[in-house]
Amino acid sequence: MPAAEHLVTGDDGLARPPWASVDPLLREYYDTEWGMPVRDEQGVYERISLEGFQAGLSWATILRKRPAFRAAFAGFDPEVVALFNEADVERLLQDAGIVRNRLKIRATITNAQATLRLREEGGLAAFVWGSQPQSTPVPLSHADIPTQSPESIALSKALRKKGFAFVGPTTMFALMEAIGMVDTHVVGSHRRGTSGVWSADLGS
């Protein structure tokens, strides 16, 4: 089936996947942010945190709560979050603006501490981008998009060894998609190849 049949052409004439075609917030996220390179420590730490909170939930839920998450976690400044204690955990569990999951909240703090330790080895962003594959998927439909890869499995194991939590292979593949390490935009989408990391038509 041609890729175009798996896309929706918006009122602006641009082709998007169905998930990014109706909700204005998701459409804006797809058009301007998802899949664009993120190479700074704070940006990568924030996305690891949000992908961890997303586990078991819809991304739309997390995206709507992102302003509250940023307020609750000091703009995802790892130096600040690394100092959070049990009193902060209890405070955050009372914050209706975020996902109130004790394990995920603690993991966000743990991951901030691990992020600081990684500075001695070149930093979180370089560590994560070190798992960038040599090629990217070329999906013709949503069904062609994998949920994990050998690289996301390896990244998950490597981060766990460094003390990170809630960084399973599927969560790490979602991170790789979000920060541009792979391009899983369906062929024919107006965003395919726009990250500057991968070409539009090839998996390289």
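Each residue of the stretch 20-26 was assigned a 3J(HN,Hα) from its phi angle through the Karplus curve 6.51 cos²θ - 1.76 cosθ + 1.60 (θ = phi - 60°); the sequence is 9, 9, 10, 5, x, 5, 5 Hz, with glycine and proline shown as x. Taking a ≥ b ≥ c as the square roots of the eigenvalues of the Cα gyration tensor, the stretch 43-152 is oblate, since a/c reaches 1.5 or more and a/b is not larger than b/c.
For the stretch 1-66, rounded, prolate or oblate, judged on the Cα gyration tensor with a ≥ b ≥ c (square roots of eigenvalues), a/c < 1.5 rounded, else prolate if a/b > b/c?
Details: a/c = 2.20, a/b = 1.82, b/c = 1.21.
Here the stretch 1-66 falls in the prolate category.
Among residues other than Glu51 with Cβ under 14 Å from its Cβ, the summed charge is +1 (Lys and Arg +1, Asp and Glu -1).
Counting only trypsin sites (Lys or Arg not before Pro) that are in a DSSP loop and have at most 14 other C-beta atoms within 10 Å, tell me the longest site-free stretch of the chain. Walk me through the intermediate numbers first.
On the way: sites that count: Arg39, Arg100.
For trypsin sites (Lys or Arg not before Pro) (loop position, at most 14 other Cβ atoms within 10 Å), the longest site-free span of the chain is 101-204.
Near the amide H of Val8, within less than 5 Å, lie the amide hydrogens of Arg16, all on another chain or at least 5 residues away, with H placed in the peptide plane. Its Cα gyration tensor gives the stretch 122-204 an equivalent ellipsoid, and the semi-axes of that ellipsoid, as √(5λ) in whole Å with the largest first, are 24, 13, 9.
Here the relative contact order of the stretch 5-123, from alpha carbon pairs under 8 Å that lie six or more residues apart, stands at 20 percent.
Taking only C-alpha pairs under 8 Å that are 6+ residues apart, what is the relative contact order of the chain in percent? Mind showing how you got there, number by number?
Details: 286 pairs, mean separation 57.8, N = 204.
The value is 28 percent.
In order along the stretch 31-37, the phi-based Karplus estimate (6.51 cos²θ - 1.76 cosθ + 1.60, θ = phi - 60°) of 3J(HN,Hα) comes to 6, 10, 10, 4, x, 8, x Hz; Gly and Pro are listed as x. Our coupling estimate for the stretch 167-177, obtained by passing each phi through the Karplus curve with A = 6.51, B = -1.76, C = 1.60 and θ = phi - 60°, is 10, x, x, 5, 4, 6, 5, 4, 4, 4, 5 Hz, Gly and Pro reported as x. Per residue, the convex hull spanned by the Cα atoms of the chain measures out at 111 cubic angstrom. Could you name the lysines in cross-link range of Lys65, using Cα to Cα under 26 Å and dropping any fewer than eight places away on the same chain? Partners within reach: Lys104.
In percent, what relative contact order does the stretch 80-134 have, based on Cα pairs under 8 Å that are 6 or more apart in sequence? Numbers along the way, then the final one.
Working: 27 pairs, mean separation 17.1, N = 55.
Relative contact order, the stretch 80-134: 31 percent.
In this Cβ point-charge picture (+1 for Lys and Arg, -1 for Asp and Glu), the chain has a dipole of about 640 debye about its Cα centre.
How much length would be gained if the chain were fully extended between Ala55 and Asp12, taking 0.36 nm per residue of separation minus their Cα-Cα distance, in nm to one decimal?
Numbers: separation 43, 0.36 × 43 = 15.48 nm, distance 3.23 nm.
Taking 0.36 nm per residue and subtracting the Cα distance, the gain is 12.2 nm.
Centre-to-centre, using Cα atoms only, the stretch 66-134 and the stretch 137-178 are separated by 18 Å. Working note: Cα atoms of the stretch 36-79, range along each principal axis, descending, whole Å: 26, 23, 15.
Only the coordinates and a few stated rules stand behind these numbers; no lab work does. This is a predicted model, so every value here is computed, not measured. A quick note on method: Cβ atoms are made from the backbone with ideal geometry, for glycine too, and the neighbour counts reach across all protein chains shown.
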